[in-house]
1. Starting from 0.36 nm per residue, how many nanometres of slack lie between residue 12 and residue 32 once their C-alpha separation is accounted for?
2. When you count, for each residue, the other Cβ atoms within 10 Å and take the mean per peptide, how do 75-85, 102-112, 7-17 rank with the highest first?
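Here, each number is a calculation from the coordinates, and none is a lab measurement. As the structure is a prediction and not an experimental result, all values here were calculated from the model. All Cβ positions, even for glycine, are placed from backbone atoms using ideal geometry, and neighbour counts span all protein chains on display.
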């Protein structure tokens, strides 16, 4: 049976692919920054050198993962029914259950925005 309101359509999957690609570019840029900082801090000592290189490598691996997810979205966009990279149904059901009441939605988001305003030092720890 055809779902009249699918949760994933080709434009949605492509849009998410662009989002993942932008995230990849930002994280790849950060990895390059860490790596270059390592090159410029070569005279600062071994600990600084190893730390920057390790950080750059970890960011590069994370960026590669984001690129793989972006490519997955672009490749699988034409067949939304076969797209397997979805949120689990249990998660979606829990969020729907929690946020379907307008009062609960308002209180949750008021807390989400109010806590950082009222307790900035606690949030920024």
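1. Full-extension gain reported as 4.2 nm.
2. Going by the mean number of other Cβ atoms within 10 Å, highest first, we get 7-17, 75-85, 102-112.
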